[in-house]
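Notes for the one structure printed next.
The values are calculated or read from the model by the stated rules, or taken from the named source; none is laboratory data. These numbers come from a predicted model, not from an experiment. Quick reminder, even Gly has a Cβ in these numbers, built from the backbone with ideal geometry, and neighbours come from all protein chains shown. Calculation scope for accessible area: heavy atoms of the full protein, side chains included, ligands and nucleic acids excluded. Shrake-Rupley method; radii C 1.70, N 1.55, O 1.52, S 1.80 Å.
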Amino acid sequence: MILADNFIRDDGVRSIARALELNDILESLWIDDNCIGAVGLQVLGDSLSRNSTLERLHLKHNSFQSLKPLLHCTFNKRSLQSVANSNHTLKHVFLNC
């Protein structure tokens with residue numbers, strides 16, 4: 001799904017995140033060139049920790065300054081076992097480097 005360049009902000013990401021939690025089809029999501037900040041990134045990360053199909057996430061050119069909220073939520077560091085038992089299928093995150 002391509003939602004790039006739509007002026008999506010943190011509030012809009014909440015709706016996308018809720019949909020991702022229920023998603024069992026979508027494998028790629030493009031949300032490049034929006035206005036997603038740290039709060040939106042954390043909400044997105046929370047939903048990705050419960051998603052079982054998304055493989056590619058495009059996040060280039062947004063407003064967040066750090067990937068820490070996404071990494072913390074998606075790759076829970078409480079224990080290696082919790083990571084191994086989690087439902088992660090996300091293989092690629094595309095960023096503007």
Exercise. Only one of these is at pLDDT below 90 and either under 15 Å from Val93 (Cβ atoms) or buried (at least 16 other Cβ atoms within 10 Å of the Cβ) (or both): Asn34, Asn23, Asn62. Name it.
Key: Asn23
Quiz item: Here are Val43, Val39: which of them is more than 11 Å from the chain's Cα centre (by Cα), in a helix (DSSP H, G or I), under 19 Å from Leu95 (Cα atoms) and among the β-branched types (Val, Ile, Thr)?
Solution: Val39
Practice problem: Please work out which one of (1) within 10 Å of the chain's Cα centre (by Cα); (2) at pLDDT below 85; (3) outside any loop (DSSP other than H, G, I, E, B) is the condition Leu90 fails and give its number. | Solution: (3)
Practice problem: List the number of the failed condition for Ser15; all other conditions in (1) open to solvent by 80 Å² or more (accessible area, probe 1.4 Å); (2) assigned to a helix (DSSP H, G or I) hold. | Solution: (1)
Quiz prompt | Among (1) in a loop (DSSP other than H, G, I, E, B); (2) of a type outside the set (D, E, K, R); (3) modelled with pLDDT under 75, the one test that Cys73 misses | solution = (1)
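If we scan the range 20-28, do we find a residue that is free of Cβ contacts under 8 Å to residues at least 12 places away in the same chain and more than 11 Å from the chain's Cα centre (by Cα)? Before you say what the answer is, go through the steps one by one.
The first filter runs over the range 20-28 and keeps only residues free of Cβ contacts under 8 Å to residues at least 12 places away in the same chain, leaving 22.
Among the residues that remain, those that are also more than 11 Å from the chain's Cα centre (by Cα) are: 22.
Among the residues of the range 20-28, at least one is free of Cβ contacts under 8 Å to residues at least 12 places away in the same chain and more than 11 Å from the chain's Cα centre (by Cα), which makes the answer yes.
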Quiz item: Of the numbered conditions (1) modelled with pLDDT of 90 or more; (2) under 10 Å from the mean Cα position of the chain (by Cα); (3) open to solvent by 30 Å² or more (accessible area, probe 1.4 Å), Ser49 satisfies every one except a single condition; which is it?
Solution: (1)
